[in-house]
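All remarks here apply to the structure that follows.
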Amino acid sequence: MQLILLSLVILLQNFVQQPIGQNEAFIFEDPSNTMNVTAIHQAFINGEFERLETRDYNPGFTKSTFWLALRLHPQEVTQNYYYVIGNPHINWINFFEVENNQARLINETGDHMPYDSRPIYSKKFAFPIQSSADTESLYFVEIDKHHESLQISQQLLTVDAYHKAQSSEQLISGIFMGMVILLVLFGVFLFATMADVLYLFYAAFILSGFLWVSTNLGLGYQLWWPDFPMFENKARPIFSCAQAVTALLFIQAFLKLKKQGYIYYINITLVYIGLAILLFFAIPVDYSQFPELVLSVLIVHNTWNLLLVVQFLFICIKESLQANRNAWFFLLAFTVLIAFSIIELLAHTGTSVFSDNYLAKHGVQTGYMITSVILTFGLVYRFNTYEKDQERLLQNINRQQQQHSEQLREIQENERNRIAEQLHNDVGSMLSVASLQLSSIKDANLPTDIQQQVNTAEDIIHQVNSQILAIGHLLVPFHLQKLGFAAAISYFCDNINHAQTINLEYKIIGFENMDRYKKPAVIDLYRIAQELLSNIVQHSSAKNAFLQIIEHESQITIVAEDNGSGIKTDSPQAKEKKLSISSKINYFNGQIDVLNKKEGGVLIYIRIPSSKLIQNEN
């Protein structure tokens, strides 16, 4: 918030350009690049200089040397000033003072010279001067940046006003650097944790853009490479290419573009062109001796930037029309950056209507700040979308697994029905025939020993037939199919009471409309209740037991209780119950609680959500 407010203040200050006031500034173009200060002084006397009405002058790409003239009128009180040349990227700049009609060199500096050649420690060129109480003061500034883009910003400030402006800019730069460092660390952290190269491209884009902005503001030469003037002259195109290349790789990963088709191959071609331009400037060769070559490469560089603008807009619009929401963030972010970049690019050609204000000098920087914030929000949105997509994918996988499980259970039930039917119809019938045959033999007059053998064989057949019926009931609960869920449970409980080994009370509430439930689910519910009661009868040594099954609106609850010996947590009975019951309950996302009662016995409480049991509407 502080960064935004401070930037708005500076933005408003720069939009409202103030005249020079009682001090007069003039400019002169030397297309021959040969005039010395004596000839320039004479040209000023002859009135060949053009008066500057504002602080800024923008010739764009030029092959000329320019001269500034500052005429300071006498003042009643002597005042110290700084004459500030705002462009931090001037190759050579010489400052002259005219005394007794003679011009003498006060300072020689520029980007092609070590940083400590500047008169004061500042990213701009600030020359200290002093007004006179009785005579007019005259100064000349030679600005040589021929065969490059030139924008001149000049301003006369009091010492206090200059230091106040410096403090404000340093505060903004500090906040800006802090924000960029956080964003880069954010990207590196996501790359380390997610192992997704997208976040590495994001961090590289933010970092290269930050280096480009810092270099464009003059902070790079001031803070990081003050002893390498040759690199300073190449840093801006190097980091500009790095930013654009990482932006291409970032958009490829951010929008999940396919690595095929014409868009991909255009992106790759633009990346290689950018790397070639970057490599040209990265070679440790002093290109100041080849100004025409440098100017040609810079023109190629700017043309390449315009092609990138077209490519970015095309990709973002195309993906946005295809409902790729990630593209909306990219479209908004790069529309802002492209708009500000075009303004500054046109300003460098000297044709922009914005050539005399804040946007001409800081357009890319401002656009980059806004773009970084928008893309960070886009990454957060993409991350949240990714999590939701993964969640939906897991849900689909779980749904498919559940469908496969239900199909498998249905196949198992069908196979059980087939086996039970064969046992009942085929094997059972054959055993019945065999039993009838043995009964007919018993009527004949047989010896006693043979009669006993026949009786034994008949008893064995009856036992086998009983075992087959029991197996059939285990495979398919016939009473459940004939009587329904509630009646089948009641029938099973009554049979336990008829055995007179345990007194079982039971209560079943609901279950009037069983058609709403899946058939395999009803069978599993029946078997859960059946296994609970079987465990009580076989393992609890209880005299009394209670079973309650209630159909609620959203769930089914089963309560089984006895007054037996209880269950130890590591006992075989507990393990058996967990193995036989828990798997079925977990399948329905149910819950089971097994508690040992203080007075003896066990209380088992089961909750199964109805949504897992109900038939699908389709």
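For the set Ile460, Ile496, Ile90, solvent exposure ranked by accessible area (probe 1.4 Å, protein chains only) runs largest to smallest as Ile460, Ile496, Ile90.
Between His552 and Met230, the distance separating the two model label sites (each 7 Å from Cα on the Cα→Cβ line) works out to 8.1 nm.
Taking all protein chains as shown and a probe of 1.4 angstrom, Lys164 keeps an accessible surface of around 150 Å².
Computed over segment 494-558, relative contact order equals 46 percent, with contacts defined as Cα pairs under 8 Å that lie 6+ residues apart.
For Lys584, a cut-off of 19 angstrom between C-alpha atoms picks up these lysines, skipping any fewer than 8 places away in its own chain: Lys518, Lys519, Lys575, Lys612. Residues Asp116, Asp196, sorted by accessible area with the largest first, give Asp116, Asp196 [1.4 Å probe; ligands and nucleic acids excluded]. Once all protein chains are placed together, Cys493 keeps about 0 Å² accessible to a 1.4 angstrom probe. Distance between Cα centroids, segment 285-335 to segment 30-99: provide it in whole Å. About 35 Å separates the Cα centre of segment 285-335 from the one of segment 30-99. Alpha-carbon geometry of segment 217-257: the Rg and the Dmax are 14.2, 43 Å, given in that order.
When Rg and the Kirkwood radius Rh are both evaluated on Cα atoms of segment 167-226, their ratio Rg/Rh stands at 1.07. So if R0 is 35 Å, what FRET efficiency would Gln289 and Leu223 give, r being the distance between their Cβ atoms, rounded to the nearest 0.05? About 0.80, to the nearest 0.05. The share of accessible area on segment 478-527 that comes from carbon and sulfur is 50 percent, using a 1.4 angstrom probe.
Please compute the volume of the convex hull spanned by the alpha-carbon atoms of segment 119-166 and report it per residue in Å³. Dividing the Cα hull volume of segment 119-166 by its residue count gives 108 Å³. From the alpha carbon centroid of segment 130-191 to that of segment 232-257 is 25 Å. Note on Arg104 and Ile266: the extension gain reaches 52.7 nm, defined as 0.36 nm multiplied by sequence separation minus the Cα-Cα distance.
For segment 84-167, a Kirkwood radius taken over Cα pairs fed into Stokes-Einstein (20 °C, viscosity 1.002 mPa s) yields D = 155 µm²/s. Which FRET efficiency, nearest 0.05, do Thr38 and Ala282 yield, Cβ-Cβ r, R0 25 Å? E between Thr38 and Ala282, to the nearest 0.05, is 0.05. Within the assembled protein chains, the solvent-accessible surface assigned to Ile461 is about 30 Å², based on a 1.4 Å probe.
When Ile508, Ile317 are compared by accessible area of protein heavy atoms, the largest-first order is Ile317, Ile508, using a 1.4 Å probe.
The values are calculated or read from the model by the stated rules, or taken from the named source; none is laboratory data. What you see is a predicted model, and the numbers here were worked out from it, not measured in a lab. Neighbour counts run over all protein chains shown; Cβ positions are idealised from the backbone, glycine included. These accessible areas exclude ligands, DNA and RNA; they are computed on the full protein's heavy atoms, side chains included. Shrake-Rupley method; radii C 1.70, N 1.55, O 1.52, S 1.80 Å.
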